[in-house]
Amino acid sequence: MTDTTGVRRPAPELVPERLTAPDPGWTTQADVVVIGSGIAGLTAALGIHAEDGGLKLLVVTKDVLNAGSTQWAQGGIAAALGPGDTPDQHERDTLVAGAGACDIEAVRALVTEGPDAVRELIALGTNFDHHPDGELSLTREGGHHRDRIAHAGGDATGAEIQRALIAAVERAPEIEVIQHALAVDLLLAADGGVAGVTLHVLGEGQRDGVGAVHCRAVVLASGGLGQVFSQSTNPTVSTGDGMAIALRAGAVLRDLEFVQFHPTVMYLGPDSQGQQPLISEAVRGEGAFLVDFEGARFMQGQHELADLAPRDVVAKAITRRMIETGHQHMWLDATHLGPEFWEKRFPTILAVCREHGVDPVTELIPVAPAQHYASGGVATDLYGRSSIAGLYATGEVACSGVHGANRLASNSLLEGLVFSRRIAEVLPGELRERVSAASDDRLAWLVAGSHRRDLQDVMTRQVGVLRNDAGLQRAMTYLHELEAGDAVPGTDAWETTNLLAISTALAQAAFIRTETRGSHWREDFPDRDERAGHIDSWLEGGLIRSRWIPSPSTDPSETPAEVIA
Ligand code: SIN
């Protein structure tokens, strides 16, 4: 029996190589385990099933099937589907937003396969919004020079996609689903490849507590890391588990420092913590605009697209104005849209604003940037393969290279869709033989859940939207010296330990990147380096190592943004 108590931080700077957990009390077998049940996970599962119906497929999800980030996506899904639009134009906007750090081949795959992938989603039963003449209704968001965002239920796009995908999985009973299952760690074979995964399951009959699934491949589709920060648009389940699991297993993480802060998150006061209400960029796409406390439209003159500039540009402009004026937020004015338009086009946002005492039909909405999306993650190739044999990653947990330093609005659902289809295309043909897990002497310990709030606070203040050398060093010192505390194995300690590992890698990558690029904003290095590069991070003997490597990107200056009417 594993000793599950009392292992404290062995030395400063180290992060656990394994989470302390009881020995597995149950075991089962599968060919493929998909971890996560948003658009990326369910698309991968359905695609693999369609390729080879004989494979035993298990989808595990930390909460219930629709508890992840997909459900919360408002704006929509971007694809060149409108009249006059082309994948080339979508590619150009993606590269410009990505600030020179995108991988061109990945972007090309995204934009060329995107339209068919969305059509497939429609064929699966997703009800996107249409005009009365039957044409798909497309809108615009920051950084797009065309109307190319398909949406559903006005501003409930993610929820509708999630509904359609869950219905499709329910029509395929061969795909087994385990809910309330937190993935703890990978089981590794002697060759370092995947042999299985350990899970902690709550209340699933015989499968209760920690168990082991022996399998031939694992697809990580577990979403982002929003809970590293005190305020995020991400749900509470987004604790970076997939990235931490991959890191501990020896996989390379890439560009973790490129954390996107959404410019218009409803400001609920200085003490508000956790998931915050998103005010979709689509509201600006439909004509809303930002104003300061004097009523000045401060985005005008800052960028050719003004209020619809790429997200990093708008988040920086709001932050600058907040610093200059000493205010905690700015304002979004959407009062001219009128009550009917609000009710039809943005019913979810309208209801949320009213719940918080603001009527956007007649009042300005207080907004401030908050964490929204991890553009980096587990480094993958064009088919979702990580650096570990048998481990794939897709969606927000992955860094496929499409987002570069700043994700273009509404490219996230599309990335999950396109790259999960790609995984499904290759995975059945390259499955490993079933192998046993090698004995595991990696050092296991935990951080107590009581540290979570402090950690989030430090990360928000020192590694947030505006960064500098001194703040990053303060954050790293805090993370390196954090005393583990009296950690009892369980969800709170496992998640907090994952947050420690991912925060450490993120702060270190942000420290090494001595330039300002996309969403990574250094006040002490305000310019962009001539050469774009990735920052890769990995674990070696409990120490997180990071290094800069030149990226095979295109420079957006070679693909200048055109204004297309
Ligand atoms: C939004 O609706 O503003 C968010 C969409 C996205 O993150 O792409």
Among the aspartates and glutamates, which have Cα under 13 Å from the Cα of residue 316 when same-chain residues fewer than 8 positions away are ignored? 307, 324, 523
Shape of the stretch 240-305, Cα gyration tensor, a/c cut at 1.5: prolate
Kirkwood Rh for the stretch 81-222 from C-alpha pairs, in Å, is 18.7
Put +1 on the Cβ of each Lys and Arg and -1 on the Cβ of each Asp and Glu in the chain; which of 535, 210, 276 then has its Cα farthest toward the positive end of the dipole? 210
With all protein chains in place and a 1.4 Å probe, residue 451 shows an accessible area in Å² (nearest 10) of 40
State to the nearest 20 debye the size of the charge dipole of the chain about its Cα centre, where the only charges are +1 on K and R beta carbons and -1 on D and E beta carbons. 560
Straight-line reach from residue 56: which aspartates and glutamates fall under 13 Å, measuring Cα to Cα and dropping same-chain residues less than 8 apart? 31, 174, 176
What is the magnitude of the charge dipole of the stretch 483-547 about its Cα centre, with +1 placed on the Cβ of each Lys and Arg, -1 on the Cβ of each Asp and Glu, and no other charges, expressed in debye to the nearest 20? 320
With a 1.4 Å probe and every protein chain kept in, tell me what percent of the accessible surface of the stretch 394-491 is carbon plus sulfur. 46
What percent of all Cα-Cα pairs in the chain falls in each 20 Å bin, counting up from 0? 23, 58, 19, 0
As an exercise, use a Förster radius of 30 Å and the Cβ-Cβ distance of residue 430 and residue 174 to find the FRET efficiency, rounded to the nearest 0.05. 0.90
Protection proxy ranking, peptides 532-542, 36-46, 116-126, average beta carbon neighbours within 10 Å, highest first: 36-46, 532-542, 116-126
Please express the Cα-Cα pair-distance distribution P(r) of the stretch 35-143 as a list of whole percents, one per 5 Å bin, running from 0 to the bin with the greatest distance. 2, 10, 15, 19, 20, 17, 11, 5, 1
Mean Cα-pair separation over length for the stretch 385-529, i.e. relative contact order, pairs under 8 Å, 6 or more apart, %: 24
So what's the gap between the Cα centers of the stretch 220-244 and the stretch 281-309, to the nearest angstrom? 29
For a quick check: with amide H placed at 1.01 Å from N, whose amide H comes under 5 Å from residue 234's, ignoring anything fewer than 5 positions away on the same chain? 276
Taking the solvent-accessible surface of protein heavy atoms with a 1.4 Å probe, what is the per residue accessible area of the chain in Å²? 36
Cα gyration tensor shape of the stretch 317-387, rounded if a/c is under 1.5, else prolate or oblate by comparing a/b with b/c: oblate
Only bridges with both residues in the chain count here: give the DSSP antiparallel percent, nearest 5. 65
How many percent of the accessible area of the stretch 1-103 is carbon or sulfur, using a 1.4 Å probe? 49
Can you tell me the 0 to 90 degree angle between the C-alpha axis of helix 311-325 and the longest principal axis of the chain, rounded to 10? 70
Longest principal axis of the chain (C-alpha) makes with the long axis of helix 469-481 (C-alpha) an angle, in degrees to the nearest 10, of 30
Classify the stretch 422-509 from the C-alpha gyration tensor, please: rounded if a/c falls under 1.5, else prolate or oblate depending on whether a/b exceeds b/c. oblate
Quick one: which of 188-195, 505-512, 156-163 comes out on top by average Cβ neighbours within 10 Å, and what's the full order, highest first? 505-512, 156-163, 188-195
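The values are calculated or read from the model by the stated rules, or taken from the named source; none is laboratory data. It should be emphasised that the depicted structure is a prediction, and the values quoted were computed from it without experimental measurement. Glycine gets a Cβ as well: all are built from the backbone with ideal geometry, and neighbour counts include every protein chain shown. Ligands, DNA and RNA are stripped out before the accessible areas are found, and what is left, the full protein with its side chains, is counted by its heavy atoms. Shrake-Rupley method; radii C 1.70, N 1.55, O 1.52, S 1.80 Å.
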